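Worksheet: the structure to be examined is printed underneath.
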Amino acid sequence: MSEVVERWGSRRAFIIAVTGAAVGLGNIWRFPWMTGENGGAAFLMLYVVFLVLLGLPVMIAEIMIGRAGRRTPIQALTHLARDAGKSRHWGWLGLFCGVTLFFILSFYSVVSGWSIEYLVDALSGHFASQSPQEIGSAFDAFLASPGRVLFNHTLFLFLTMSVVALGVGGGLERLNNLLMPLLYLLLVLLVGYAFTTSGFTAALAWLFMPDLSALTPMAIFNAMGHAFFTLAVGAGALMTYGAYMPDDQSLPRAVVTVAILDVAVALMAGIAIFSIVFSQNMAPDSGPGLMFVTLPIAFADLPGGALWLGAFFVLLLLATWTSSINLAEPMVAMLGSLGMARWLAAVLIGVGVWLMGLPSALSFSIWSDVRPFGDMTLFDLATTLPIDIMLPIGGLLIAFFAAWVMEGTRASMAIGAGERFYRHWRAVVRWVSIPLLVVVLVGFFLS
């Protein structure tokens, strides 16, 4: 179980890479529709609370394990547990994280494929001549077409695994350095455009003036799951990136920077999207179709709507591409640690994820009647299981390992972190994050 030899080329590269893993569907697709369905600012308030009390402390714990172990998640957990005189079976947590990543990427690729389809339609002006009913029907027709959905699912996975096959320096780092600044530039332009619309003030009120009566138990579970999903916490990806982390980098400072950049994307996307929605007097609680139905309808009547809608889908595609690449890397690294060539590992993971994505891709067409749990479709199951269940469980076990099992955690955080910060982090993880995770998970299973 030798240490990994690859490292990020700089501290900036590490921050961009972790931000690339965090920023994606969770920020631009899931955050707006979850916020719309769960009370607007009330959901945002819960999300920020869980981000501070759960997301950030567990994020530090996960990167810390990777940095201390300098191995793939399975090997790092096994190695550190053995050094602490604890059971080697902690290595199974690394496998659990890999399975979680596998499930996430399977539906992630399907939804990201939708953005390819809609990017082409938006730039061609396809929506400009259609009525709201026709735009809504077009989305349903697209989902009901197995061939079109599978083609885009396949294309997106090919784009993802091609970059991963090139390695950390040649693939991930180079693409992250190119695309992440472009993503933020697009967001700033879109928020600037939103400022000129009549719905800008209403969007700010919707996002930043909470109505506590809108809070529900399900909103609490959704906010917790989203705090983990949007930071890519609990699935081992950050453990892998911690193994590549430069020796002289401040862990707390890097984590806080990533969290700020991640939340900034979600807020800017929310402001831009809800400004357009409210300017057209449309409902914000449109669910998963907010990006693919509501926005095309709203932009259809606006000057230059096709161009700005195209910019939205370019933004979504860039975010999901960088995120999926960073989600696939830990799985490829795990196979690589067994002596497998990187390109072969990328091919095997890509084929496996493609196959696992079939239920999500076909749940709106030929498998639409397959509902294993009441009204829950296969797509609903594919998103709920990893996000609301597996990520929190993985985060709970990672936090417990870092705070109670692993020895030498102080040394892993030593660079750039004082003794007081370390004591506060460990106290928060032990007595706030872990108990809160247990309570919310129990509540979820009992609800």
**Residues located in region 304-335, provided they are touching a residue at least 24 places away in the same chain (Cβ under 8 Å), closer than 25 Å to residue 63 by Cβ and more than 17 Å from the chain's Cα centre (by Cα)** = 332, 333, 334
**Prompt:** Which pairs have Cβ atoms under 6 Å, sit 6 or more apart or on different chains, and link a residue in region 275-303 that is touching a residue at least 40 places away in the same chain (Cβ under 8 Å) and closer than 20 Å to residue 208 by Cβ to one that is assigned to a loop (DSSP other than H, G, I, E, B) and among the polar types (S, T, N, Q)?
**Reply:** 275/197; 279/197; 279/198
**Fill in**
Residue hits (region 75-85; open to solvent by 20 Å² or more (accessible area, probe 1.4 Å) and part of a loop (DSSP other than H, G, I, E, B)) are 85
**Request:** Could you tell me which residue of region 332-348 is least open to solvent (accessible area, probe 1.4 Å), considering only residues that are more than 14 Å from residue 167 (Cβ to Cβ) and of a type in the set (A, V, I, L, M, F, W, C)?
**Result:** 334
**Asked** What do you reckon, is residue 66 touching a Phe, Trp or Tyr at 6+ places or on another chain (Cβ under 8 Å) and among the small types (Gly, Ala, Ser)?
**Response** yes
**Message:** Restricting to region 33-74, and then to whatever is open to solvent by 30 Å² or more (accessible area, probe 1.4 Å) and more than 18 Å from residue 260 (Cα to Cα), can you tell me which residue is modelled with the highest pLDDT?
**Reply:** 74
**Request:** Assess whether residue 247 counts as being under 25 Å from residue 332 (Cα atoms) and either of a type outside the set (Phe, Trp, Tyr) or open to solvent by 30 Å² or more (accessible area, probe 1.4 Å) (or both).
**Result:** yes
**Prompt:** Do the conditions hold for residue 335, that is, is it part of a helix (DSSP H, G or I), at pLDDT 85 or above and of a type outside the set (Val, Ile, Thr)?
**Reply:** yes
**Item:** Members of region 230-261 found to be closer than 9 Å to residue 22 by Cβ and not aliphatic (A, V, I, L, M), listed by number
**Value:** 230
**Prompt:** Any chance region 17-27 includes a residue that's farther than 16 Å from residue 273 by Cβ and open to solvent by 10 Å² or more (accessible area, probe 1.4 Å)?
**Reply:** no
**Message:** I want to confirm something. Restricting to region 273-327 and keeping residues that are more than 19 Å from residue 152 (Cα to Cα) and of a type in the set (Ser, Thr, Tyr), which single residue is most open to solvent (accessible area, probe 1.4 Å)?
**Reply:** 286
**Residues of region 365-392 that turn out to be hydrophobic (A, V, I, L, M, F, W, C), more than 29 Å from residue 138 (Cβ to Cβ) and either in contact with a Gly (Cβ under 6 Å, 6 or more places away or on another chain) or open to solvent by less than 50 Å² (accessible area, probe 1.4 Å) (or both), as a count** = 3
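The values are calculated or read from the model by the stated rules, or taken from the named source; none is laboratory data. Predicted model only: the values in this text are computed from it and were never measured. Neighbour counts run over all protein chains shown; Cβ positions are idealised from the backbone, glycine included. What goes into the accessible areas is simple: the full protein's heavy atoms, side chains included, and nothing from ligands, DNA or RNA. Shrake-Rupley method; radii C 1.70, N 1.55, O 1.52, S 1.80 Å.
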